[in-house]
1. Could you please report the charge total around I157, scoring K, R as +1 and D, E as -1 over all other residues with beta-carbon less than 13 angstrom from its beta-carbon?
2. Report the relative contact order of region 9-185, percent, no decimals, based on alpha-carbon pairs under 8 angstrom and at least 6 residues apart.
3. Around T43, with a cut-off of 14 angstrom between Cβ atoms, what is the net charge of the other residues, counting Lys and Arg +1 and Asp and Glu -1?
4. Long-range amide H contacts for L35: which residues qualify at under 5 Å (H placed 1.01 Å from N, peptide plane, sequence gap of 5 or more or a different chain)?
5. Please turn the phi angles of region 47-53 into ³J(HN,Hα) values with the Karplus equation 6.51 cos²θ - 1.76 cosθ + 1.60 (θ = phi - 60°), one per residue in order, whole Hz, x for glycine and proline.
6. What's the center-to-center distance, using Cα atoms, between region 137-159 and region 1-59 in Å?
7. If you build the Cα gyration tensor of region 9-185 and take the root of 5 times each eigenvalue, what three semi-axes come out, in whole angstrom, biggest first?
8. Through the Karplus equation 6.51 cos²θ - 1.76 cosθ + 1.60, θ set to phi - 60°, convert the phi angles of region 92-97 into ³J(HN,Hα) values in whole Hz; use x for Gly and Pro.
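Just so it is clear, none of the values below were taken in a lab; they were calculated from the coordinates. These numbers come from a predicted model, not from an experiment. Cβ placement follows ideal geometry from the backbone for every residue including glycine, while neighbour counts extend to all protein chains displayed.
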Amino acid sequence: MNARPTINVSLIVRLVILGLVAVIVQITAISQISLLGVSADLTPLIVASVGLLAGSVPGAVMGFAMGLFVDTALVQTLGIDSLLLTGIGYGAGRLREARDPSHTLVPIAIGAAATAISQIGYALIQFLLGVDAPVSFLLVREILFTIAVNTVLALPIYALVRRVVAPALPEDPRRRRARRASSVAGGISPLSQPKAPRRRRRRRLRVI
């Protein structure tokens, strides 16, 4: 019989706390700070980081929950942020599951792409819904500057999310097999430990 999948309670608790704190900090503090005439948006960075670390399903659930919380707190059109952030979290998670990228610059590229999807997608959906959001140079400038600011913050946010989430993540079997393969290729068995070199005993000459 197949074993039933276990629920990672620790990961769920960590994601809930992370999402609540992130949205509250974003609304009450980050949105009040202006850089280059715009405010940073941490929500797509956090959702993309969760997807890269935990996979597509946790990333999508995190995106939906955070988007719904943001729309409710700011009294916006419900569903827009949830839709965009769900796609961002799922896409980042699928990238991890399909490619398993380990380069240092991957969180920066994913953060920039997630911010671009969030900003451009939100403006486009607002336009399609008939909301008064005039398309002008100022809007394009705001989107570009927000992407630039978030790109700078992408790596620190990823490191922070990894510090919070990593202790509750199960070990990836692909990385475990890769470590075993590299150790075997190097001539060292994963089950054996290197032995310390034996010291040669010096023979003492007896004086007659």
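1. Around I157, the surrounding residues sum to +1.
2. With pairs under 8 Å counted, the relative contact order is 26 percent.
3. -3
4. A40
5. Karplus values, whole Hz, x for Gly and Pro: 5, 5, 5, 4, x, 5, 8.
6. 17
7. 30, 17, 15
8. 3J(HN,Hα) across region 92-97, in whole Hz: 5, x, 5, 4, 5, 6.
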